[in-house]
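Bear in mind that the values in this text are calculations on the coordinates, not laboratory data. Treat the numbers as computed from the prediction; the structure is a model and nothing was measured. Cβ atoms come from the backbone with ideal geometry, glycine included; neighbour counts cover every protein chain shown.
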Amino acid sequence: MEIINAHVHLIEIEAMAQKYQDFSLSGGISVLQDIVATLPLLSPEMLIQQMDEAGIAKSVLYAVDAPIVYSSNEYVKSLCDRFPDRFIGFASVNPNDPTAVDTLEKAVKGFGLKGLKLHPPLQNFFPNDKAFYPLYEKALELNIPIVFHVGTTPFGSLCRLSQANPLLIDDIAVDFPDLRIQLTHLGTLWHNESFMVVEKNPNVFIDTAAYLYEIKEILTPNLIDRIGPDKIIFGTDYPMPYAGTIHNIKDFVDCIGEIGLSQTTLRGIFKDNFETLLNGRQTKGKDISLAELMAEVANHSNQ
Ligand SMILES: [Zn+2]
């Protein structure tokens with residue numbers, strides 16, 4: 001079974017240190033030690049080795065225009081150019097930057113990147129603010145999906161959780177019903193609200209880049225049936241450590257395999273649903289008006 005890991009960061013550590021020279025995290029936050037532990041995993045060769053061990057055909061590399069997990073569009077493009085059969089690149093822009101719309105267009109048309117990754121709490125913006133709607137209109141025009149981080153972060157006073165509320169994304173899904181959207185990390189402890197947004201909106205998907213225990217406890221066959229087996233996308237957030245462990249992509253593949261899902265559902269999670277996110281649905285559900293519904297009802301009662 002072909003597998004795509006749809007949530008991967010190859011952090012551009014030296015460029016990040018240059019760009020954010022004055023940046024510091026508040027005391028007591030362990031994330032910097034976590035990043036130090038990930039350093040050996042940041043080479044593309046190490047990622048490809050883990051992909052091979054786990055049977056992953058391709059990984060989606062996220063650029064992130066923010067500190068901690070910084071990676072530039074240029075760097076992601078260069079990795080995709082080096083390993084065109086193994087990597088798909090998603091762009092990032094800072095929505096607060098007046099050039100964001102132009103930067104996105106350049107990243108997609110000039111660099112060949114295939115989606116947009118945004119991190120509202122790390123990038124300090126409320127995603128449903130209409131000031132950012134031109135960016136979503138551009139994504140729609142370019143026919144690319146947007147990945148929104150939702151839920152908690154390990155970044156302390158650097159982030160506001162109010163900006164990571166999955167219900168904010170419902171506004172975007174409603175106002176842009178043709179925009180394809182991916183939520184992250186099974187909601188990062190904001191599980192139920194995230195699943196509500198996914199269940200309600202045909203254009204919203206969610207990735208599995210969560211702790212292994214969350215995948216086991218939360219992503220049950222009943223829940224998958226309920227929110228739609230065609231809405232869940234395999235991703236691991238490589239190279240992030242979970243509870244201090246060294247990231248091992250194969251553990252996540254095995255964990256999804258142990259849920260007890262049909263081959264069709266597994267194929268969806270591991271590959272097909274990501275391709276729907278990327279390319280759109282082949283057939284869209286037919287709209288039905290209330291008048292048509294009432295005509296059906298009348299027809300039925302006459303029989
Ligand atoms: Zn991530």
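With each label modelled as a point 7 angstrom along the Cα→C-beta vector, the Gln21-Thr220 pair spans 5.4 nm. Projected onto their three principal axes, the Cα atoms of the stretch 3-302 cover extents of 74, 45, 38 Å, largest first.
If you run the Gaussian network model on the chain, springs between alpha carbon atoms under 10 Å, then out of Gln123, Gln282, Gln50 the most flexible one is Gln282.
For the chain, a Gaussian network of Cα nodes joined below 10 Å ranks Asn96, Asn201, Asn165 by mean-square fluctuation, and the top entry is Asn96.
Rounded to the nearest 10 degrees, the inclination of helix 166-175 to the longest alpha-carbon principal axis of the chain is 60 degrees. Counted by Cβ distance under 11 Å from Pro229, the other residues give a net charge of 0, where Lys and Arg count +1 and Asp and Glu count -1. Note on the stretch 76-147: Rg/Rh from Cα positions, Kirkwood definition for Rh, rounded to two decimals, is 0.98.
Build a GNM of the chain with springs between Cα atoms under 10 Å: which of Ser78, Ser59, Ser262 gets the top mean-square fluctuation? Answer for the Gaussian network model of the chain: Ser262.
For the pair Lys286 and Asp171 in one chain, pulling the backbone fully straight at 0.36 nm per residue adds 39.2 nm over the alpha carbon distance.
The value given for the stretch 148-303 is a Kirkwood hydrodynamic radius of 17.1 Å, derived from the mean inverse Cα-Cα separation.
Divide the volume of the convex hull around the Cα atoms of the stretch 47-109 by the residue count and you get 83 Å³ per residue. Of Lys250/Lys271; Lys77/Lys286; Lys19/Lys106; Lys58/Lys231; Lys130/Lys286; Lys117/Lys286, which ones are farther than 26 Å apart at the Cα? From the list (Lys250/Lys271; Lys77/Lys286; Lys19/Lys106; Lys58/Lys231; Lys130/Lys286; Lys117/Lys286), the Cα-Cα distance tops 26 Å for Lys77/Lys286; Lys130/Lys286; Lys117/Lys286.
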